[in-house]
1. Could you sort the peptides 341-348, 81-88, 297-304 by per-residue average Cβ neighbour count (10 Å cutoff), highest mean leading?
2. Let's test the formula: R0 of 51 Å, r as the Cβ-Cβ distance of ASP281 and GLU189. What FRET efficiency results, to the nearest 0.05?
3. How many lysine pairs does the chain hold where the Cα atoms are under 27 Å apart and the two sit 8 or more places apart or on different chains?
4. Give me LYS358, LYS2 ranked fewest to most by other Cβ atoms within 10 Å of their Cβ, as a rough exposure proxy.
5. Counting Lys and Arg as +1 and Asp and Glu as -1, each charge on the Cβ, what is the dipole of the range 220-312 about the Cα centre in debye, to the nearest 20?
6. Quickly rank 165-174, 278-287 as a protection proxy: mean count of other C-beta atoms within 10 Å, highest first.
7. Among residues other than LEU101 whose Cβ falls under 11 Å from its Cβ, what is the net charge (Lys/Arg +1, Asp/Glu -1)?
8. Would you kindly state how much longer the chain becomes between ASP363 and THR119 on full extension, computed as 0.36 nm times their sequence separation minus their alpha carbon distance, in nm to one decimal?
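Just so it is clear, none of the values below were taken in a lab; they were calculated from the coordinates. Since the model is a prediction, treat every value here as computed from it, not as a measurement. Quick reminder, even Gly has a Cβ in these numbers, built from the backbone with ideal geometry, and neighbours come from all protein chains shown.
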Amino acid sequence: MKATADVVVIGGGVIGTSLLFNLGRLGVTDTLLVEKDVLGSGSTGRSQTICRMHYSNPVTATMAWESLGIFTHFGEVVGGESGFVETGYLVVVKEEDRGGLERNVALQYQLGIDTMQVTADDLRDIAPMVSVSDDEVMAWEPQSGYADAHMVTTSYGIRAREMGAEVSLRNAASAIEVEGCKVRAVVTEQGRVETPVAVVASGPWSKGVLAQVGVDVPLVPVRHQVASLSRPVDKLPLHPMVGDIAQSFSFRPDGREQTMMGFGPDGDDDLETYNQGVDMDVMAEALSCLAHRIPAMAEAEFRRGWSGLFTTTPDWHPILDAVPGIEGLYCAIGFSGHGFKLSPMIGVTMAELIVEGKASSVDISPLRFNRFQEGDLLESSYRYRVLA
Ligand SMILES: Cc1cc2nc3c(=O)[nH]c(=O)nc-3n(C[C@H](O)[C@H](O)[C@H](O)COP(=O)(O)OP(=O)(O)OC[C@H]3O[C@@H](n4cnc5c(N)ncnc54)[C@H](O)[C@@H]3O)c2cc1C
């Protein structure tokens, strides 16, 4: 492992690797990424990887939209494949949330995002397999879809390496050395690397990494469950992704024969000891919600399941900033349940911030470090935090 680097990134999830690649694109190639396990082994590898734009705030809606453009042109922009599959995304909310849905669709429309409010009649053309009731309200995003977490993460890592970056696996960072309020080095299991810049992109572990230099961040790990199902392809060859807010769960196709379903309840959990499997009783409830939304799914069969951790902040939005008080320390943390879809633009904007002193592609100041202390949290149009 190298002994000096211009930038050290701590964490090899989709965020750390996207940043490493984008640093290279801005000409900063004497870089090192350290990952305590293997690339994508944290929240990234457990993600449902849904890429949708239905957000309540311009900063995240814009990032999701511009990231979608990168996922769909990944070969040209990054190199390698993202595994993106366009499926369309349907949001379903109850009548009492109509205002929130209409507000979000109007916001996205203003931003040039391809979305529209739809009726039950429209659904007969768009997604006839989906069943809705009279007291439900829907929005449709035709261009949304899902990508492959491992393809995206490893493609970013490989391309960054081709530009000169070093990726060091099974190598945990144990300390960030700070001298005179400036980053001096990162200490890892495989040695010490002198660097003026360290970036914490350590997913659910970020709170501990930052605590080591006396920085407290309001991150809480929250468990979320995922099940993979075989669907009855003779009756249901296709279906779109659905953010079923009315029933508090989501699902998407996973290839030609399977469906992936994400469900709660989303409770605070312990980073090291949380149950990484699924609760069968909770999954049975989610299955009955699925059959309610798509009746043919009553014949779906459970294949396997897992759980992962959202890294939540008080407003369920990330923190993208320099860490105040320590020159050269940055963080890209707190992505809650929606960091994958934003990851291409997180890498772009964080690289701009680090190299040029300001994110110019998207104004990320609403996601600044101090917003919680300032009481300036981002608001959601809904009570459901996962939609942010
Ligand atoms: C079940 C589930 C479903 C999700 N579904 C979606 C979805 O549909 N769409 C969406 O957009 N988002 C979704 N998300 C959220 C998304 O997956 C995350 O926001 C995103 O993957 C976060 O990436 P990351 O790189 O910040 O974190 P991680 O992937 O956790 O990466 C952090 C890395 O840092 C490493 N690390 C930690 N400490 C150290 C250390 N000291 N030294 C070296 N390395 C270290 C870890 O090993 C890990 O690999 C979901 C998340 C979960 C858990």
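1. Values: 341-348: 27.8, 81-88: 18.6, 297-304: 15.0.
Answer by packing, highest mean first, reads 341-348, 81-88, 297-304.
2. 0.80
3. 12
4. Ranking LYS358, LYS2 by Cβ neighbours within 10 Å, fewest first, gives LYS358, LYS2.
5. The dipole magnitude comes to about 480 debye.
6. 165-174, 278-287
7. In short, -2.
8. Numbers: separation 244, 0.36 × 244 = 87.84 nm, distance 3.42 nm.
Gain on stretching ASP363 to THR119: 84.4 nm.
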